[in-house]
């Protein structure tokens, strides 16, 4: 199940005696763990009924013994086993025996980044349906997370400000959390966070400059695009990364161009954004901007630009100087 599905089950009061948390998005794992803890353990009993055990430091037998202990005051307890991928085969067998007949007063959470799907423990959790996957959130999911996080503090954030905040953070939830906390303090007692607050509080990031570069390309603003490109190269941004984002931009515009006047903002959203859920008005507005931007180019322009990008990519991969190749490329593809 996903992180959101897990939260929905928790809100309904459905708590399993065991879970496997897997994936690389550690912030969301921590958030889910806290929500589970708050659901089953009263705050006054946390010191007695919440236990963290690392698979590198405890044997399977020690973990099982902790799970079989009767919690303080006969309340529920939670055992969190970290780095579960490091369990030995013998420890895994010991724990599996417990999981087949768990204590109803214990909730066990096993945490790992990438657990081998061939292992018996993983297969057991898969069969029981209690694997919670914590993958990096996609753009639309992160924007939704920003809105919800701000709302939790009694504030609202405009879609434009949320997008700017996302771009400046590079998609890191840890950075987003820090910036949101600063914004909440800055705007108080006002309720709304807008673009002006982002500009004042959050410093510009290389990620934001890359988005500015792709926007300048779409608008065929050659001077602005060259200025931003040179700034990125001075910051040490990888030329191949910059090129890959420009290539993506060309492909989006080409797909829109090939559809001509038949394409709708909703259809364009599916090309631009990674998820295919319902799109809010802000995303449809962004899609309209792309549809208008496609009119700045002919189909031939975009095909030639894509071909030139492939040629530059070939040269970059063979060690040629990106600080020379990329500015020349921009001058070629933005008349």
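Placing dummy labels 7 Å off each Cα toward the beta-carbon, the span from residue 119 to residue 331 is 5.6 nm.
Rounded to the nearest 10 degrees, the angle from helix 173-187 to the longest Cα principal axis of the chain is 80 degrees. The shape of the range 238-333 comes out prolate: with a ≥ b ≥ c from the C-alpha gyration tensor, a/c is at least 1.5 and a/b beats b/c.
For the chain, relative contact order (Cα pairs under 8 Å, six or more residues apart, normalised by length) works out to 15 percent.
Taking the longest Cα principal axis of the chain as reference, the axis of helix 139-152 is set at about 60 degrees. The coefficient of translational diffusion for the range 184-269, derived via Stokes-Einstein from the alpha carbon Kirkwood radius under 37 °C and 0.692 mPa s, stands at 214 µm²/s.
Taken over the range 3-133, the ratio of Cα radius of gyration to 2.2 N^0.38 Å equals 0.98. Semi-axes of the equivalent ellipsoid for the chain, computed as √(5λ) from the eigenvalues of its C-alpha gyration tensor and ordered from largest down, come to 47, 24, 19 Å. Sorted on the mean count of surrounding Cβ atoms within 10 Å across their residues, most packed first, peptides 118-127, 24-33 read 24-33, 118-127. Per residue, the convex hull spanned by the Cα atoms of the range 139-201 amounts to 66 cubic angstrom.
Every number in this text was worked out from the coordinates using simple rules, so none of it is lab data. This structure is a prediction, so every number in the text was calculated from the model and none was measured. As a convention, Cβ positions derive from the backbone with ideal geometry for all residues, glycine included, and neighbour counts pool all protein chains shown.
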